[in-house]
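In what follows, a single structure is set out as structure tokens and then discussed.
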Amino acid sequence: MPEPIKLDDFMDWIAERSPEQTEFHQTVHEVVQSVLPCVNDNPDYLRARILYRLVEPDRIVSFRVAWADDRNDVQVNRGYRVQFCNAIGPYKGGLRFHSSVTESILKFLGFEQIFKNALTGLPMGGAKGGSDFDPRGRSSGEIMRFCQSFMTELYRHIGPDVDVPAGDIGVGEAEIGYLFGQYKRITGHFNGTLTGKGLEFGGSCMRPEATGYGAVYFLEDMLHSRDDAIEGRSVVVSGAGNVATHAAEKILHRGGKVLTLSDSGGFLHDEDGLTEEKIAWVRKHKARHGASLADYVGEFGGEWHEDKKPWGVDCDVALPCATQDELGQEDAKRLANNGCIAVVEGANRPLTIDAFQVVKDADVLFGPGKAANAGGVAMSGLEMSQNSARLSRSAEDLRTALRQIMRDIHNTCAEHGEGKQGVDYAKGANVAGFRKVADALLAFGVV
Ligand code: NDP
Ligand code: 2IT
């Protein structure tokens with residue numbers, strides 16, 4: 001029997017190989033901690049050094065993106081694509097345009113994506129990409145030229161059977177349109193090499209809604225397992241983008257009350273609760289990069305809290321849907337002390353490790369991002385299959401498919417996360433996702 005792996009030794013090895021990539025280290029630590037018992041129990045995994053192979057991306061492409069702004073001044077950004085693992089399907093994952101983007105952040109997101117995509121039950125590998133380009137305050141002409149320059153380099157690394165990017169922070173339907181337009185222009189191929197496309201040109205019904213709706217379906221199933229429901233519950237949501245606004249909308253459909261939204265400038269507290277009309281206004285207003293959520297108050301009332309997070313507001317459920325590390329230890333204590341019963345990650349790893357521990361110790365239901373926000377990439381997977389088959393499925397059909405996929409993900413996590421103290425969904429998501437990918441890697445031999 002090969003020597004078992006010790007968590008500390010493994011993390012020392014990671015730290016040495018990728019110094020200063022703290023976001024990546026944290027996510028590897030979280031996953032490895034959960035899967036280590038199943039690795040150490042399996043001599044085949046140990047002998048094949050599956051864990052050591054999985055944390056090393058297949059490749060990372062990084063490139064210059066030069067473009068001219070509206071004053072004709074030349075700007076230079078850096079673009080990336082981290083193609084992490086294609087063991088169970090073509091590389092798949094979003095593109096993020098945000099000033100905070102680094103290789104470490106994209107490695108963390110790409111690593112998460114491997115297991116998330118495995119959980120969907122669809123054949124997709126894990127990847128992530130993006131740029132330190134900040135779309136805020138940029139005109140649509142500038143964004144278009146940036147996207148065209150970005151794709152002029154990226155196109156040679158992607159394709160419908162190779163790597164299929166989509167949106168993420170700062171990349172929505174408009175950016176995907178510019179990116180796809182340039183891809184098509186350079187290659188001459190009209191195919192499914194990007195997802196999140198407009199409905200007129202190969203996009204899928206329900207893709208915009210899928211991440212936020214999916215997160216609420218996951219919450220619904222977690223509550224259901226405790227004979228509870230969303231109806232009548234108060235919910236604090238962070239973010240004001242694609243995931244946050246659709247999560248808020250689905251909470252309303254289920255009879256819950258949404259008290260907050262947030263953006264990088266602060267948070268909005270509307271004691272009367274959001275309505276469909278208010279959410280539609282936010283979506284339209286925030287479609288312009290750089291528009292402030294604070295303007296909501298002039299339109300509908302409520303209170304704006306500059307530079308603050310919403311986690312101090314009394315609630316039954318917290319749905320962090322903005323970005324990583326947006327909910328810290330003190331925030332988690334406040335939520336638990338105020339009687340919050342569930343925290344569900346619409347964003348990718350919005351809870352810090354300390355916050356996650358507080359939530360766990362307090363026996364608050366916790367839906368980990370790689371399971372709870374998998375509805376988006378699952379619908380991307382269905383967009384890929386529609387593109388390959390050259391057909392379009394109806395919204396109703398896809399809504400039913402999304403509901404079923406999220407239920408299956410919930411049940412898979414519950415099954416693999418069952419323990420003496422109840423269900424640990426975070427562990428369940430890690431173990432179930434890992435096993436599938438590890439078994440595929442074993443089947444390929446040493447590659
Ligand atoms: P959007 O760009 O549509 O919205 C992002 C929101 O988060 C905005 O309100 C933005 O505020 C806020 N935000 C972003 N960065 C920060 C920051 N550093 N500090 C404070 N607020 C910030 O992105 P999405 O809604 O698509 O993505 C949100 C989260 O969900 C991300 O973690 C993403 O990885 C994850 N996700 C997205 C999926 C999708 O299908 N889109 C799928 C699965 C996960 P502002 O407008 O001021 O910048
Ligand atoms: O984090 C994510 O899962 C996404 N941004 C969606 C990826 C995708 O390929 O749809």
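The values are calculated or read from the model by the stated rules, or taken from the named source; none is laboratory data. Quantities reported herein were computed from a predicted structural model and do not represent experimental measurements. Every residue, glycine among them, receives a Cβ derived from its backbone with ideal geometry; neighbour counts consider all protein chains shown. To get the accessible areas, we keep the full protein, side chains included, count just its heavy atoms, and leave off ligands, DNA and RNA. Shrake-Rupley method; radii C 1.70, N 1.55, O 1.52, S 1.80 Å.
Observations
- Against the conditions (1) within 13 Å of ligand 1 (Cβ to nearest atom); (2) open to solvent by 70 Å² or more (accessible area, probe 1.4 Å); (3) part of a loop (DSSP other than H, G, I, E, B); (4) without any contact (Cβ under 8 Å) to a residue 40 or more places away in the chain, Lys308 satisfies every one except (4).
- Top-ranked residue in the range 28-70 [being in contact with an Asp or Glu (Cβ under 8 Å, 6 or more places away or on another chain) and aromatic (Phe, Trp, Tyr); ranked as surrounded by the fewest Cβ atoms within 10 Å (Cβ to Cβ)]: Phe63
- In the condition set (1) within 13 Å of ligand 1 (Cβ to nearest atom); (2) more than 16 Å from the chain's Cα centre (by Cα); (3) among the aliphatic types (A, V, I, L, M), Leu365 is compliant with all but (1).
- Test: residue in the range 319-329 that is in a loop (DSSP other than H, G, I, E, B), open to solvent by less than 60 Å² (accessible area, probe 1.4 Å) and either among the hydrophobic types (A, V, I, L, M, F, W, C) or free of Cβ contacts under 8 Å to residues at least 12 places away in the same chain (or both): yes
- Scanning the range 184-206 for residues that are open to solvent by 10 Å² or more (accessible area, probe 1.4 Å), closer than 22 Å to Arg81 by Cα and either touching an Asp or Glu at 6+ places or on another chain (Cβ under 6 Å) or assigned to a helix (DSSP H, G or I) (or both) yields Lys184, Arg185, Ile186, Thr187.
- One residue alone among Asp397, Asp363 is without any contact (Cβ under 8 Å) to a residue 60 or more places away in the chain and part of a helix (DSSP H, G or I), and that residue is Asp397.
- Residue within the range 426-437 that is open to solvent by 60 Å² or more (accessible area, probe 1.4 Å) and over 21 Å from the mean Cα position of the chain (by Cα) present: no
- Top-ranked residue of the range 127-142 - restricted to ones that are within 16 Å of Val74 (Cβ to Cβ) and in contact with a helix residue (DSSP H, G or I) (Cβ under 9 Å, 6 or more places away or on another chain), ranked as most open to solvent (accessible area, probe 1.4 Å): Arg138
- Subset tally (residues that are basic (Lys, Arg) and within 14 Å of ligand 2 (Cβ to nearest atom)) for the range 203-247: 1
- Inside the range 200-238, residues that are within 16 Å of ligand 1 (Cβ to nearest atom), among the aliphatic types (A, V, I, L, M) and either closer than 19 Å to Gly367 by Cα or free of Cβ contacts under 8 Å to residues at least 40 places away in the same chain (or both) make up a count of 6.
- The range 333-349 - residue that is out of contact with any helix residue (DSSP H, G or I) (no Cβ under 7 Å at 6 or more places or on another chain) and not small (Gly, Ala, Ser) and, of those, farthest from ligand 2 (Cβ to nearest atom): Asn337
- The number of residues in the range 218-261 that are hydroxyl-bearing (Ser, Thr, Tyr) and open to solvent by 10 Å² or more (accessible area, probe 1.4 Å) comes to 2.
- From the options Glu383, Glu415, residue that is without any contact (Cβ under 8 Å) to a residue 60 or more places away in the chain and of a type in the set (D, E, K, R): Glu415
- Take the conditions (1) open to solvent by less than 40 Å² (accessible area, probe 1.4 Å); (2) assigned to a helix (DSSP H, G or I); (3) closer than 30 Å to Pro160 by Cβ; (4) touching a residue at least 24 places away in the same chain (Cβ under 8 Å); Ser388 misses just one of them, which is (1).
- Ile169 being within 16 Å of ligand 1 (Cβ to nearest atom), open to solvent by 10 Å² or more (accessible area, probe 1.4 Å), of a type in the set (A, V, I, L, M) and touching a residue at least 24 places away in the same chain (Cβ under 8 Å): yes
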